[in-house]
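Undergrad: Sharing a structure with you now.
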Amino acid sequence: MCGIVGYSSLKTNAVDVLLQGLATLEYRGYDSSGIAVFDNDQLNIIKSKGKVSLLKEKVLKHHLHASNGIAHTRWATHGEPNEINAHPHHQGSVTLVHNGIIENYHELSLQLMQEGYQFHTQTDSEVACACIDAAYQQTKDPLAALQAAQTQLKGSYAFAILFDEYPEDVYAMRFDSPLILAQDDTASYLASDIPALLPYTKQYVVLEQHEIAHLHKAAIHLYDAHGNEKEPSFQTTTMDVQAIQKNGYAHFMLKEIHEEPQAIKDTLHAFIHDGIHSNLERPFDYARYEQIMIVACGSAYYAGMIAKELIESEARMHVQVEVASEFRYRNPLLDERTLVILISQSGETADTLAALKLAKEKKIDTLAVVNVIGSSLAREAAFVAYTMAKAEIAVATTKAYAAQVALLSCLALKFALLHGNMTKTRKEQIITQLHQLPDLLEEMLEKDDWSESAHRLADHEHIFFIGRGLDHALCMEGSLKLKEISYIHSEAYAAGELKHGTISLIEQGTPVIAIANEAALFDKTISNIREVKARGAQVILICRQDFHVHKELFDHLITTPPLDRMVQTILTVLPLQMIAYQTALLRGCEIDKPRNLAKSVTVE
Ligand code: F6R
């Protein structure tokens, strides 16, 4: 959610580095962008509505020679996405870019207007800029000004800041929105996320809550909230530069779907060999918990729905699953025998982090299932299990979701072995099948079972997904994927629920994607398919090769290899992702950066 880049160097290549960084971070927001650099001590701010490529065209016309600056790609929260509201903002001697939301911006703006500040944009960020400037004018000391401003600003922020009188320096501070720092022999860098730094270094420092960073050429100085200098502590990322390149694929989404077999292999390997990491002094103990509360957003929530069904049915434990934005404002019933599982690809989703905070306040054990190593969720949860999907650039999640489902299925298996009554034979069969999964996924990717489905869907505006049990949870994800990248409206229904109202929308030719992989529910789902077929629906049926369905009940059939239900969903998600991808392709959509969306939702 908004991408920030900052750079201070001995060389005069700031414009190139900043634009390159923005292009890499564009998945975080792309409705407008901007850059601020000093050329011969002269501040230049250039902004543009739309994609970073438009900003680049504009900036390059100015032939700037700058050794430091800041840049931003925006996902609008306050104020419409236009050039005026684009960052950087400037007030007095201060220029800044911001990721987050300043909650008390209205009160602050009234106070600052009384002091003579005028606001030209509709953003909370411009108010933060004035707030820092007001503090700076008292002392002319950037560090003191930032410390003072932190006591006034409420909400979440990651700022990169320039002061007119310090044209060789870049400052940064953050609270509840991520920022990382790095350096090499000639420069220091700051960014919202690791991919922007990969062309220069693999070593980075996480800026902690309320810390302030001062970048001066190749040096980084770090201060805690009280102004005490502290040593930066460097970490090394395992991500490599290949992750931020398409490597011959037309889109990152397609590349990432093709990386699914590896992501699942690595996730299973890490879970089986390293288990669950502990941030406490005690190890994770499966036997300690009687009930589970799963909290997440979007696709991660749908992965949680699969986990709920598997843990509840196979381990016979109470499991609830809830969206984080609801959970965080309720007063949920949790006790010391509850484990709260938070699922997140980015590990920075604001609502999921707030849910974690709530569980911690209630002194409940938390387990983060997270993809980004060292992310806020991974650092703050009591226990962490990493999905090993590596960097995911396309805004719509694919391989990270599949890795979440794989990891949660293993977790369900662990609980099932402890509390359930699974036979040794079934356990061994599941483990064998988990190991076979990457090859089975590769085989599925080699076939093209999805083009026909995509052609059937591309001209429609309303589509239904139906399924029961685990298949219903998968339908939720399939429907979300299709909506977000193809802009076709779709609804996912528990197959038996459609006749309670929504079936009235089925007419001649309405596409219905039905999943019928749940053996115990197969006949029931087939009855529901009959109901929609009788009303004229064209049915795309996804089901196991060994299930036999009368030809008259479907218009197109996609089969999956037959697996135990603990493993089947991990495989069945692939056709859903490919159908969404191909359909969006036929409709000419902007697949990697769908409208109105951003990869990491770090605001509420
Ligand atoms: C959909 C998608 C989103 C995310 C959701 C949670 O394709 O990517 O629905 O799943 O915003 O994000 P994380 O997993 O980063 O917490």
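Undergrad: Could you list all residues from the stretch 1-50 that are assigned to a loop (DSSP other than H, G, I, E, B) and of a type in the set (Lys, Arg)?
TA: The initial filter retains those residues of the stretch 1-50 that are assigned to a loop (DSSP other than H, G, I, E, B), namely 1-2, 10-12, 29-31, 40-41, 50.
Matches in the stretch 1-50: 11 only.
Undergrad: Here is a follow-up. State all residues of the stretch 332-376 that are in a loop (DSSP other than H, G, I, E, B), away from the ligand (no atom under 14 Å from the Cβ) and of a type outside the set (Asp, Glu); if no residue qualifies, say none.
TA: Within the stretch 332-376, the subset in a loop (DSSP other than H, G, I, E, B) is 332-337, 345-349, 362-364, 371-375.
After this cut, where a residue has to be away from the ligand (no atom under 14 Å from the Cβ) as well, the list is 332-337, 362-364, 374.
Result: 332, 333, 334, 337, 362, 363, 364, 374.
Undergrad: To continue, here is another question. Does the stretch 258-285 hold any residues that are charged (D, E, K, R) and buried (at least 16 other Cβ atoms within 10 Å of the Cβ), and which are they?
TA: We begin by selecting, within the stretch 258-285, every residue charged (D, E, K, R); these are 259-260, 265-266, 274, 281-282, 285.
Of everything in the stretch 258-285, those that are charged (D, E, K, R) and buried (at least 16 other Cβ atoms within 10 Å of the Cβ) turn out to be 259, 260, 265, 266.
Undergrad: Please state which one of 248, 304 is surrounded by 18 or more Cβ atoms within 10 Å (Cβ to Cβ) and either away from the ligand (no atom under 16 Å from the Cβ) or in contact (Cβ under 8 Å) with a residue 60 or more places away in the chain (or both).
TA: Details: 248 fails: surrounded by 18 or more Cβ atoms within 10 Å (Cβ to Cβ).
Checking each option against the conditions leaves just 304.
Undergrad: Considering each residue of the stretch 181-202, count those that are outside any loop (DSSP other than H, G, I, E, B), of a type outside the set (Gly, Ala, Ser) and at pLDDT 95 or above, and give that number.
TA: Within the stretch 181-202, the subset outside any loop (DSSP other than H, G, I, E, B) is 181-183, 187-191, 194-197.
Remaining after also requiring of a type outside the set (Gly, Ala, Ser): 181, 183, 189-190, 194-195, 197.
Cutting the leftovers down to at pLDDT 95 or above gives us 181, 183, 189-190.
Number satisfying all stated conditions: 4.
Undergrad: Related question: Filter the stretch 377-386 for residues that are touching a Lys or Arg at 6+ places or on another chain (Cβ under 9 Å) and of a type outside the set (D, E, K, R); which is nearest to the ligand (Cβ to nearest atom)? Steps first, answer last, please.
TA: To start, the set of residues in the stretch 377-386 that are touching a Lys or Arg at 6+ places or on another chain (Cβ under 9 Å) comprises 380-382.
Of the ones still in play, those that are also of a type outside the set (D, E, K, R) are 381-382.
Details: 381: 13, 382: 18 Å.
Restricting to residues being touching a Lys or Arg at 6+ places or on another chain (Cβ under 9 Å) and of a type outside the set (D, E, K, R), the top hit is 381.
Undergrad: Still on this model: When only residues in the stretch 307-331 that are assigned to a helix (DSSP H, G or I) and of a type in the set (Asp, Glu) count, which is farthest from the ligand (Cβ to nearest atom)? Full working, then the answer.
TA: Start the filter on the stretch 307-331 by keeping residues that are assigned to a helix (DSSP H, G or I), which leaves 307-315, 324-327.
After this cut, where a residue has to be of a type in the set (Asp, Glu) as well, the list is 309, 312, 314, 326.
Working: 309: 18, 312: 22, 314: 24, 326: 14 Å.
Ranking the qualifying residues of the stretch 307-331, first place goes to 314.
Undergrad: Return yes or no: is residue 404 crowded, with 21+ Cβ neighbours inside 10 Å and not in a loop (DSSP other than H, G, I, E, B)?
TA: Details: crowded, with 21+ Cβ neighbours inside 10 Å: yes; not in a loop (DSSP other than H, G, I, E, B): yes.
Taking the combined requirement at face value, the residue satisfies it.
Undergrad: Then there's this: Suppose we filter 22, 64 for residues that are buried (at least 16 other Cβ atoms within 10 Å of the Cβ), hydrophobic (A, V, I, L, M, F, W, C) and within 25 Å of the chain's Cα centre (by Cα); which single one remains? Write out each step before concluding.
TA: Numbers: 64 fails: within 25 Å of the chain's Cα centre (by Cα).
22 is the lone residue from the list that is buried (at least 16 other Cβ atoms within 10 Å of the Cβ), hydrophobic (A, V, I, L, M, F, W, C) and within 25 Å of the chain's Cα centre (by Cα).
Undergrad: Just one of (1) away from the ligand (no atom under 16 Å from the Cβ); (2) surrounded by fewer than 18 Cβ atoms within 10 Å (Cβ to Cβ); (3) of a type in the set (Asp, Glu) trips up residue 518, so point out which.
TA: Unmet condition: (2).
Undergrad: For the stretch 68-79, state whether one or more residues are among the hydroxyl-bearing types (Ser, Thr, Tyr) and under 24 Å from residue 214 (Cβ atoms). Even if it seems obvious, please write down each step before you answer.
TA: Step one: list which residues in the stretch 68-79 are among the hydroxyl-bearing types (Ser, Thr, Tyr), which gives 73, 77.
Add one more test, that the residue is under 24 Å from residue 214 (Cβ atoms), and what stays is 73.
So far as the stretch 68-79 goes, yes, one or more of its residues are among the hydroxyl-bearing types (Ser, Thr, Tyr) and under 24 Å from residue 214 (Cβ atoms).
Undergrad: Evaluate the following for residue 47: is it of a type outside the set (A, V, I, L, M, F, W, C) and free of Cβ contacts under 8 Å to residues at least 40 places away in the same chain?
TA: The answer is no for residue 47.
Undergrad: Here's another thing I want to ask about it. Quick one: which helices (runs of 4 or more DSSP H) lie wholly within the stretch 407-501 and hold at least 2 residues that are within 26 Å of residue 566 (Cβ to Cβ), within 16 Å of the ligand (Cβ to nearest atom) and not small (Gly, Ala, Ser)?
TA: Details: elements: 424-446, 451-457, 470-486.
Fully inside the stretch 407-501 and qualifying: 470-486.
Undergrad: What is the residue count in the stretch 56-72 for residues that are outside any helix (DSSP H, G or I) and in contact (Cβ under 8 Å) with a residue 40 or more places away in the chain? Steps first, answer last, please.
TA: Our first condition is that a residue be outside any helix (DSSP H, G or I); within the stretch 56-72, this holds for 61-72.
Adding the requirement that they be in contact (Cβ under 8 Å) with a residue 40 or more places away in the chain leaves 64-72.
The number of residues fulfilling the criteria is 9.
Undergrad: Going by what's in this entry, would residue 5 be described as of a type in the set (Val, Ile, Thr), closer than 17 Å to residue 602 by Cβ and modelled with pLDDT of 90 or more?
TA: Working: of a type in the set (Val, Ile, Thr): yes; closer than 17 Å to residue 602 by Cβ: yes; modelled with pLDDT of 90 or more: yes.
It is true that residue 5 is of a type in the set (Val, Ile, Thr), closer than 17 Å to residue 602 by Cβ and modelled with pLDDT of 90 or more.
The values are calculated or read from the model by the stated rules, or taken from the named source; none is laboratory data. Keep in mind that what you see is a predicted model, and the values were worked out from it rather than measured. Reconstructed Cβ throughout: ideal geometry from the backbone, glycine too, with neighbour counts over all protein chains shown.
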